[in-house]
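Undergrad: What follows is a structure written as structure tokens; I'll ask about it next.
Values quoted throughout were computed directly from the atomic coordinates according to the rules given, and no laboratory measurement underlies them. The model shown is predicted, which means the values in this text are computed figures rather than measured ones. Note: ideal-geometry Cβ built from the backbone for every residue, glycine included; neighbour counts use all protein chains shown.
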Amino acid sequence: MKSCVAAIFALVALVLLVSHRGEAMTCGRVDVALAPCIGYLTGRDGDTPSPRCCAGVKAVKEMAQTTADKRACCSCVKDAANRHQDLKDAAAQSLPAKCDVQMDIIVSRDVNCDKIN
């Protein structure tokens, strides 16, 4: 009986972990996190990203912990970059550094997300 209860508990924990991870990394969440950066990325808000933008960059980094999550997140960022034709490449590439965030994800229209480790 104890092993059955332990097995059920382990299964429930696994389901919760998988469902939580699935919620953690979605393009919708990435888009919402980076939405405050659009003004900076298009040059409308000057040369410095806002604190809300940088908080979003940090949130994206937290979402992308595994290689699979990083690649998925990269694809979301790439798709978002392609939706904004007025995005400034230099601003996009400097965003993590300006927010003092070390990221494996490059904000770019043409990044190969499959090469992220």
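Undergrad: Kindly state, to the nearest 0.05, the FRET efficiency for Asp114 paired with Arg52, given R0 = 35 Å and r defined as their beta-carbon distance.
TA: 0.70
Undergrad: Could you pull out the trypsin sites (Lys or Arg not before Pro) across the stretch 42-82 that fall in loop regions by DSSP (anything but H, G, I, E, B) with no more than 13 other Cβ atoms inside 10 Å?
TA: Of the trypsin sites (Lys or Arg not before Pro), the ones in loops of the stretch 42-82 whose Cβ has at most 13 other Cβ atoms within 10 Å are Arg44.
Undergrad: Now for a different question. With labels modelled as points extended 7 Å from the Cα through the Cβ direction, what inter-label distance (nm, one decimal) is found for Asp79 paired with Ser94?
TA: Placing both labels 7 Å along Cα→Cβ, they lie 2.9 nm apart.
Undergrad: Still on this structure, please answer the following. Please list log₁₀ I(q)/I(0) at q = 0.14, 0.19, 0.26 Å⁻¹ for the stretch 26-115, using the Debye equation with identical point scatterers on the alpha-carbon positions.
TA: With no solvent term, the Cα-only Debye profile gives -0.40, -0.77, -1.55.
Undergrad: List the aspartates and glutamates whose Cα lies under 17 Å from the Cα of Lys115, skipping any in the same chain that are fewer than 8 positions away.
TA: Candidates past the 8-residue exclusion: Asp69, Asp79, Asp104.
Undergrad: Moving to a separate point now. If you stretched the chain out fully between Thr67 and Thr26, how much longer would it get, using 0.36 nm times the residue separation minus the C-alpha to C-alpha distance?
TA: Taking Thr67 through Thr26 to full extension adds about 13.3 nm, to one decimal.
Undergrad: Treating the beta-carbon of each Lys and Arg as +1 and of each Asp and Glu as -1, no other charges, what is the dipole magnitude of the stretch 49-95 about its Cα centre, to the nearest 20 debye?
TA: Dipole of the stretch 49-95, to the nearest 20 debye: 80 debye.
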